[in-house]
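Engineer: Okay, handing you the structure first.
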Amino acid sequence: MNITIKCFASLARFTPAEADAFPLAPGETVAELIARLGIPPEEIKLVFVNGNHVEVGTVLTPGDRVGLFPAVGGG
């Protein structure tokens, strides 16, 4: 049971080596995944699963594509 993870911008440093086939625990939520990756929760602004914006309480399923985005500023 694997998922694909993409950490964008300043979160890229948290991308695991096995990002294309990251092992998923049964019933694991996005929040639990974020903790397992060692990302401080306050650094996450947006989460997408399979191209859809979701909340961190979303339960992941095998084959999901997870995108994690920080708050970004521009000018």
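No lab work stands behind these numbers, since they all come straight from the coordinates. Bear in mind the structure is a predicted one, so any value in this text is a computation, not a measurement. Ideal geometry is used to build each Cβ from the backbone, glycine not excepted, and the neighbour counts take in all protein chains shown.
Engineer: What net charge do the residues around THR15 carry, taking every other residue with its C-beta under 15 Å from that of THR15, with Lys and Arg at +1 and Asp and Glu at -1? Let's see the in-between values first.
Structural biologist: Details: positive: LYS6, ARG13, ARG36, ARG65; negative: GLU18, ASP20, GLU43.
Once positives and negatives cancel, what remains is +1.
Engineer: Next up: Would you compute, from DSSP H runs of 4+ residues alone, the mean residue ellipticity of the chain at 222 nm, taking -39500 (n - 2.57) per run and dividing by the full residue count, rounded to the nearest 500? Write out the running numbers ahead of the final one.
Structural biologist: Working: 1 runs with 8 residues, N = 75.
Calculated from helices alone, the mean residue ellipticity at 222 nm is -3000 deg cm²/dmol.
Engineer: Efficiency by 1/(1 + (r/R0)^6): what FRET value for HIS53 and GLU18, r their Cβ-Cβ distance, R0 = 22 Å, to the nearest 0.05?
Structural biologist: Numbers: r = 25 Å, r/R0 = 1.13.
Given R0 = 22 Å and the Cβ-Cβ separation, E is 0.30.
Engineer: On to the next question. If you rank VAL56, VAL66 by fewest surrounding Cβ atoms within 10 Å, what's the result?
Structural biologist: On the way: VAL56 14, VAL66 23.
The most exposed by this proxy come first: VAL56, VAL66.
Engineer: With the crude spin-label approximation of a point 7 Å out along Cα→Cβ, what separation in nm comes out for ALA31 versus ALA71?
Structural biologist: Label-label distance for ALA31 and ALA71, simple model: 1.9 nm.
Engineer: Taking 8 Å as the Cα distance limit and 6 or more residues as the minimum spacing, I'd like the relative contact order of the chain as a percentage. Don't skip to the answer; put the middle values down first.
Structural biologist: Details: 135 pairs, mean separation 31.1, N = 75.
After rounding, I find 41 percent.
Engineer: In addition: If we count every other residue with Cβ under 15 angstrom of GLU32's Cβ, Lys/Arg +1 and Asp/Glu -1, where does the sum land? Show your work: numbers first, answer last.
Structural biologist: Details: positive: ARG36; negative: GLU28, GLU55, ASP64.
That works out to -2.
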